[in-house]
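The structure appears right after this line, and notes come after that.
The values are calculated or read from the model by the stated rules, or taken from the named source; none is laboratory data. In this text, all values refer to a predicted model and were calculated from it rather than measured experimentally. Every residue, glycine as well, gets a Cβ built from its backbone with ideal geometry; the counts of neighbours run over all protein chains shown. Heavy atoms of the whole protein, side chains included, go into the accessibility calculation; ligands, DNA and RNA do not. Shrake-Rupley method; radii C 1.70, N 1.55, O 1.52, S 1.80 Å.
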Amino acid sequence: QVQLVESGGGLVQAGGSLRLSCAASGSIFGFRDTDWYRQAPGNRREWVARITDGGSVDYADPVKGRFAASKDNAKNTQYLQMNSLKPEDTAVYSCNAAYFLDEYGTTWNGWGQGTQVTVSS
């Protein structure tokens, strides 16, 4: 029904920036919300940020002021702009997106494939 594709990870020096994308395709009626998570080796998955259909955003304390979530409803894509990156931001980043499939509120929820972000010191 719906497929998610993440992109934008890579290797960057400390202080640099990256923008992650979470793009959906398929039988979509509307966007509900997306959460961004990350998992570093040996660590549990950590919630990073959230954006809702109304544009409300929320961030985990470690990334507040450095990361910004946004969306483009026309493209069914959400973004995570990551600035002032630190080595401790190194992790696999994944999006968990929810979309409405019809006007009755039927919801689809799924995960992107994850993208590696590596920040060198």
Pair list, Cβ < 6 Å and 6+ apart or interchain, from the stretch 60-78 residues that are farther than 17 Å from ALA91 by Cα and touching a residue at least 40 places away in the same chain (Cβ under 8 Å) to residues that are outside any strand (DSSP E or B) and open to solvent by less than 70 Å² (accessible area, probe 1.4 Å)
ASN76/ILE28
The residue from ARG32, ARG38 that alone is over 21 Å from GLN116 (Cβ atoms) and among the basic types (Lys, Arg) is ARG32
For a quick check of your reading of the model, give me the residue pairs whose first member lies in the stretch 18-43 and is under 21 Å from TYR104 (Cβ atoms), whose second is open to solvent by 20 Å² or more (accessible area, probe 1.4 Å) and of a type in the set (Phe, Trp, Tyr), with beta-carbon atoms closer than 7 Å and at least 6 apart or on different chains.
PHE29/PHE100; GLY30/PHE100; ARG32/PHE100
Taking the stretch 1-19 and keeping residues of a type in the set (Gly, Ala, Ser) and buried (at least 16 other Cβ atoms within 10 Å of the Cβ) leaves GLY8, GLY9
Cβ contacts < 6 Å: first residue in contact (Cβ under 8 Å) with a residue 40 or more places away in the chain, restricted to the stretch 104-116; second residue surrounded by 14 or more Cβ atoms within 10 Å (Cβ to Cβ) and of a type in the set (S, T, N, Q), any location; separation 6+ or different chain. Result?
TRP111/SER94; TRP111/ASN96; GLY112/SER94; GLY114/SER94
Taking the condition open to solvent by less than 50 Å² (accessible area, probe 1.4 Å), over 22 Å from VAL119 (Cα atoms), not in a strand (DSSP E or B) and not β-branched (Val, Ile, Thr), does ASP102 pass?
yes
